[in-house]
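Derivation of every value follows stated rules applied to the coordinates shown; laboratory data play no part. Model, not experiment: these values are computed from the prediction. Positions of Cβ are backbone-derived with ideal geometry, glycine not excepted, and every protein chain shown enters the neighbour counts.
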Amino acid sequence: MKILVVDDHPLILEALKQVLRDLHPQIEVLEARDGRQALDQALSHHDLSLVLLDLTLPQKNGFELLTELRQSLPDLPIVVLSASEDRETVMRAINGGAMGFIPKTSKTEVLIAALRLVFSGGVYLPPSAFAAPPDQACEPRSPAPAVRSPRDAGLTDRQAQVLALLVQGKSNKLICRALDLAEGTVKIHVTAILRALNVSNRTEALVAVSRLGLRLDALLPAAPPAR
């Protein structure tokens with residue numbers, strides 16, 4: 001496993017590298033301290049497993065870098081690791097293509113648990129991502145039931161596969177290639193997934209996956225089911 005950590009603070013960079021090595025002794029950690037170096041590293045190492053990206057960087061804004069990485073390397077998983085954790089920042093990162101968001105203010109045990117979840121194929125989002133917008137803050141909400149499997153959420157095995165790829169930021173065309181499906185079929189599955197999760201777009205689907213505790217490794221069956 002090869003991870004690229006992008007942060008311009010030397011102490012934070014070293015601390016993150018140590019945490020990653022403690023979690024996976026054989027992990028190879030690359031580092032970049034500004035946006036340009038990060039882009040060069042990502043384009044030079046085609047075997048990257050993950051990018052941990054800070055949003056406050058010299059040379060290039062973190063959101064701009066996220067957009068460029070998504071355009072150049074659409075299959076590369078990117079998780080934001082930032083000191084800012086307000087809902088607006090979290091949702092902007094998710095809308096920009098990040099498949100997770102870990103606040104730097106997290107306690108060590110929370111950071112470790114979040115990284116383990118990400119490495120296992122899951123999606124981690126901070127509590128602020130689930131806070132209601134100001135105009136909805138007073139509206140009563142029923143607690144969501146615990147979902148143990150995609151079937152409990154009303155998804156078929158094929159829809160679970162599509163969802164696993166969808167929250168990784170893959171477009172409909174990439175999902176078509178990965179699952180050998182027609183684009184019209186994928187659109188039908190995406191519509192059914194959004195309806196089952198009671199959301200209206202892909203960003204809200206990612207939040208729902210995190211809230212319900214669904215893991216991506218559990219969403220992908222060992223053998224593709226028949227269409």
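Applying a DSSP loop filter and a limit of 15 other Cβ atoms within 10 Å to the trypsin sites (Lys or Arg not before Pro) in the range 84-124 leaves LYS107.
With N residues in the chain, what two-decimal value do you get for its Cα radius of gyration over 2.2 N^0.38 Å?
Details: Rg = 17.6 Å, N = 227, 2.2 N^0.38 = 17.3 Å.
So the Cα radius of gyration is 1.02 times the expected 2.2 N^0.38 Å.
Cα gyration tensor of the range 2-130, axes a ≥ b ≥ c as square roots of the eigenvalues: rounded (a/c below 1.5), prolate (a/b > b/c) or oblate? Verdict is rounded for the range 2-130. For PHE130 and ALA182, the difference between the fully extended length at 0.36 nm per residue and the C-alpha to C-alpha distance is 15.4 nm.
Helix-only arithmetic for the chain: the sum of -39500 (n - 2.57) across DSSP H runs with n ≥ 4, divided by the residue total, places the mean residue ellipticity at 222 nm at -13500 deg cm²/dmol. Partner aspartates and glutamates whose Cα lies under 20 Å from the Cα of LYS170, excluding those fewer than 8 positions away in the same chain, are identified as ASP47, GLU64, GLU68, ASP75, ASP157, ASP180, GLU183, GLU204, ASP217.
In a reduced charge model with +1 at each Lys and Arg Cβ and -1 at each Asp and Glu Cβ, the chain shows a dipole moment near 740 debye about its Cα centre. Taking 0.36 nm per residue of separation and subtracting the Cα-Cα distance, full extension of the segment from THR156 to SER200 would add 13.9 nm. If the segment from SER49 to ILE27 were pulled out straight at 0.36 nm per residue, it would be longer than the present Cα-Cα gap by 6.9 nm. Since only HIS24, LEU11, ILE175 are under comparison, the one whose Cα sits farthest along the positive direction of the charge dipole of the chain, derived from C-beta charges on Lys, Arg, Asp and Glu, is ILE175. Inter-label distance, THR191 to ILE12: 4.3 nm, where each label sits 7 Å from its Cα along the C-beta direction.
Ranked by the mean number of other Cβ atoms within 10 Å per residue, highest first, peptides 202-211, 58-67 order as 202-211, 58-67.
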